[in-house]
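Beneath this line is the structure, given in structure tokens, with notes to follow.
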Amino acid sequence: MSFCWYHGNITRSKAEDLLSQAGKDGTFLVRDSESVCGAYALCVLYQQCVYTYRILPNTDNQLSVQACEGVPMRFFTNLQELIDFYKKENVGLVTNLQYPILQEEEGPEDLDEDQEPVPPNVPPRSVVCTLASTESKEFPVTTEKAEIGNDSMLLSDTLLQRMHGIDTRSVSEEHLQAIQQYLCLHITSDCEMVHNGSQNLPQFKSLLMSLCTGLYSEITRTLPALESLQSTFEPQLSPGFRQRSPLSGDPSTSSMMSKLNQLTSMVTSLEEKVKTVLMEGAAVKHRRSLIPPIIFEVKVDSLGISQKTHLKVDVETGKLIIKKAKDGPDEKYYMSKKILQLIKSQKLPNKLIIVLETEKEKIQRKEYIFADSKKREGFCQLLQQMKNKHSDQLEPDMLTIFTGTWNMGDMPAPKKITSWFLCKGQGKTCDETADYIEHDIYVIGTQEDPQNEKEWVEILLRSLNEITNAEYKLITIQTLWNIRIVILAKQEHAHRISHIYTNSVKTGIANTLGNKGAVGASFMFNGTSFGFINSHLTSGSEKKLRRKQNYFNILRFLVLGDKKLSPFNISQRFTHLFWLGDLNYRVQLPNSEAENIVHKIKLQQYYELLAYDQLNMERKESQIFLHFNEDEITFPPTYRYERGTRERYCYTKQKATGIKYNLPSWCDRVLWKSYPQMHVLCQSYGCTEDITTSDHSPVFATFQVGVTSQFVSKNNPGDSDVQGYIELLNCKATLHTKSHTKFYIEFHSCCLENMVKSSEAEDQEGDSGTLVVKFGILPKLTPIISDLEFLLDQHLLICIKSSDTDESYGEGCIALRMEDPQQLQFPFFTPLTHHGEETGHFQGEISLTAHCGKQREKLYDFVKIEKDETVAQKHQIKAQCSQQWEQSSRSGKCFADKMARVRGVPQCTPETLISTDHNTPAQALSNQVKQSPPSTPQGFKGNEQRTKPGSPVMGRGDTPITPPARSSTPSQKFVPCNNTRGAPNIRQQDSVRATTQPNIPEMVDNPLYGPVNSGSHQPPAQSRPLKPPEPATRIIPAIRQRSMTYSSSDKKPVAPDKTAAKNMASVNITRPEIVPSITKPRPPLPAKLQGGRDGQQT
């Protein structure tokens, strides 16, 4: 269609912007309808309001403008005839059509920097992509024959681990020692004989004879007696007497015969099984059958003295063992059910509190200090695994998911890629103790993948077979040219996965070529929906606008998930959505800065470069990936490396038009978005170092996510008669629109039998492009299950639509979970978006009517975060600043913070990221809280960081060098980026906190990388006082324990005498109203230090 006023499938908000810019009454355009396929929308500007009329086709393909009831319909053969008619005055529209908005002409699209004009030959698909028909036998894992070597010791350890996991309480101590002695010592001899071709197992036969000594003697003694008894009775049987078996009829004899038969078959098959195990023993080294007991060295404070102790985690037996010496005897142990809670310190990243139930049913708290934060994380993950393994719950409420993205560069994968799935490399990685924990789901996205589907799946299954013991099954696979996504899951989860969908979108030249685009897959895991997208966007540093258009096309036209949720795009349809791929966003710096960028990478000064990352800049301005999250990037740029090495970036490329620059950039990313109040924790985010076949490094990210199971009520049968309700009260929507129309709300949820539609809102008022719509009495929502435990896990999806065109003006999600189950009514706030753009917000109150269910703690609630006293003070200041700002602003974001405070919702901590606030700015989405002066680029520090050993990175032409000594004067060549467009999206309380207290000593540290201030020169504590926003409220920081460590230039203070200490202890210090979480009394400071602190406060 070549009409100049026809704009195709532009969004409603884009059409309003074009008409508002024209500013003349009678300005018009025609676009595609968003609510009816094949229909159009006529948009007209009149008195600074946009009026939208829907143009519908009939069965004869004649067009008419939808009119009110009783108004005669006029039909037209085409759009041009319709537009010409309505250019007349007084023909039914608010005004006649006068000034068309001409369609924007797009220039010819250039080829991507890595794009060839001829599409590749795509191999035929050879894999069935449905769960029902996909079996593991379609992809046989061809395991290579392992070489015979020193495998017997490894086999011995593996069999001993299996032995520890078996209940041997009924085995006698003598027999148990004989079995363990064979597994420890004599199995080596049998293993060598089997590999040498012998069929005899002398040591095993000796073990059998030892175990059956009592049985043999008993049979030798009993069998002659039975034979004599049988011989005695056989000759004297009468002719009419029916012979009976001597051991039939009696229950005890039947049981004895059954046991004898079982014993016979067991002894017969044992020798063959042992031969098989010994023959295949060499392959055991590639697989971990069980999680071995792991010992952590920790420190515990006893009577003010720090002592070393050891914590032994035995996942298979479900025991936490406390012992003083690593090789010493077990002193005390706690079963998994007696371990009630793990509480992480928010201030000290290596401190952990374990809440235990003692023998007398008393609660006991034990505090431990680990060697580092990674050890603490590994310990927590192992205990979670132990709780899950020994839980009485039949269905899981938490999963671990591996996501990986890799641009393969049109090169086949190397033979070994297991480091990718083990998350080994640079960045945020887990402790080595977590290697034994297998992920439930693996999601692998590739770009420029030259292999066919069957070959790639075989490689993936073989790699997982080498590092895990679980059996994985192909759930689905989707390919668009060389863009591919593969989803594998544990075989035990196959019956829990349903409703599998796949789809793809092309975003190449003219949106017809599939060299760029996205593939997606979705499924239901019990009651939780998952969506996964792998995209390859337009390349080139200067093509940021084109990448943005790619993103919106994928968001609008990739169809996945429940078809009943058609008003919602893919960013709103899933409980958990993961978006990964080669997004091709670059570091936006001049080409002349190439060598300086490489130098910064050598020194691992990533914060300075990430301030110029295009994706971060776009997200900060709310241009793309609205309300998505990304973990902190602590790994080097993954593009563009010289193939075959990871020590050199190849950032120049000779082309016919000249030298093309590809500055080192973080092109490969993983982002996610979850429903509010859903548990999601990013456990690792980094890249590999040893996979070098491509100019991109593979990127990995692992997540711990909460899931809901098919609900089974635990209440009394009589309680099911009580009908529950969900009521929304005092609701209003604030919409960013200039349209003149009436609105209604659609409610969608898994807890509702059908979609519920409200009546039109009568009360609305507008002011300068913002429309406030107040809804009166909304319909009561009747859930399919009235149990409170069920309802607290549910979400309401809302869609605010126009009554004239049935087009959406904003979609949002409301969590029904509340902190206090006894609270009858609580406020809510949710932002509204449409096609990836923010369109306003919706707020009100929710009232739940349901009988109280029996609450149970979820597995992910097993680990909590402790709010230290200093952190609580910082949150108090944040709340005070937020209250001051709310009085002077009507911003919806500020209202969201107020609602969170009213409900008592905890703020997202660096350890656990829960989607409670979708309005969080991009710079606050990382797991580490960073404070920087306003004039400094994000993450900029004056101190150069230490380079990790063995990871030098060079530009082309460089030679490996030793990193220079750290200097207090940094080499600054970057101009701080001033993003004025993102100013409205930054919280005012954050800016106040950044200017008044640029360096807060109690800032939250990353649990996996130690303190934030890791540079060589730490600012002194007295230069960063904690200042409240109001001078009248004086807050004195709590006294902290200080280690007696001094520099060589200072004199050690003389310890105060007893009189001075007594006087200091009697000083009455005024405390703030916040109750500190530290229960132990603080020791007094020396007189010299106390006087210095008082002077600082004065």
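The values are calculated or read from the model by the stated rules, or taken from the named source; none is laboratory data. From a predicted model like this one, the values you see are computed outputs, not experimental measurements. Don't worry about glycine lacking a Cβ; one is built from the backbone with ideal geometry, like all the others, and counts go over all protein chains shown. The protein model used for the area step is the full one, side chains on, heavy atoms only, and it has no ligands, DNA or RNA in it. Shrake-Rupley method; radii C 1.70, N 1.55, O 1.52, S 1.80 Å.
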* Counting only heavy atoms of the protein chains, get the accessible area per residue of the range 304-426 (1.4 Å probe) and round it to a whole Å² value. => 47 Å²
* Asked: Largest first, what is the accessible-area ranking of His736, His696 with a 1.4 Å probe?
  -> His736, His696
* **Two-site label geometry, Lys24 and Asn754: point separation in nm, points 7 Å out along Cα→Cβ** => 4.9 nm
* Order by protection proxy (mean Cβ within 10 Å, highest first), peptides 62-68, 687-693 -> 687-693, 62-68
* Using 7 Å Cα-to-Cβ label points, what is the Met411/Glu361 separation (nm, one decimal)? -> 6.5 nm
* To do: With a point put 7 Å past each Cα toward its Cβ, work out how far Glu727 is from Ser35 in nm, to one decimal.
  => 3.0 nm
* **With DNA, RNA and ligands ignored, accessible area of His175 (1.4 Å probe; Å², nearest 10)** => 60 Å²
* Structure fact -> Share of accessible surface on carbon and sulfur in the range 348-438, whole %, 1.4 Å probe and ligands ignored, is 47 percent
* To do: With 10 Å bins from zero, work out the P(r) of the range 405-516 over every alpha carbon pair and list the percent per bin.
  => 12, 40, 34, 13, 1
* Structure fact -> For the range 539-629, the percent of accessible surface on carbon and sulfur atoms (probe 1.4 angstrom, ligands and nucleic acids excluded) is 51 percent
* Structure fact -> The extension gain from Cys184 to Lys14, computed as 0.36 nm times the residue separation minus the Cα-Cα distance, is 53.8 nm
* Structure fact -> For the range 434-585, dividing by residue count, accessible area per residue (probe 1.4 Å) in Å² works out to 28 Å²
* **Using a Förster distance of 45 Å, the FRET efficiency for Arg74-Lys780 (Cβ separation, nearest 0.05)** => 0.60
* Structure fact -> Taking only protein heavy atoms and a 1.4 Å probe, the highest-to-lowest accessible-area order of Thr528, Thr95 is Thr95, Thr528
* **Qualifying GluC sites (Glu not before Pro) for the range 326-362 [loop in DSSP, other Cβ within 10 Å: at most 15]** => Glu331, Glu359, Glu361
* To do: Compute the FRET efficiency between Glu174 and Lys389 as 1/(1 + (r/R0)^6), taking r as their Cβ-Cβ distance and R0 = 45 Å, and round to the nearest 0.05.
  => 0.90
* Structure fact -> Over all Cα pairs of the range 517-670, the Kirkwood radius sets Rh, and Rg/Rh then becomes 1.03
* Which whole-Hz couplings ³J(HN,Hα) result when phi for each residue of the range 173-181 is put into the Karplus expression 6.51 cos²θ - 1.76 cosθ + 1.60, θ = phi - 60°, listed in order with x for Gly and Pro? -> 4, 5, 5, 5, 5, 5, 5, 5, 5
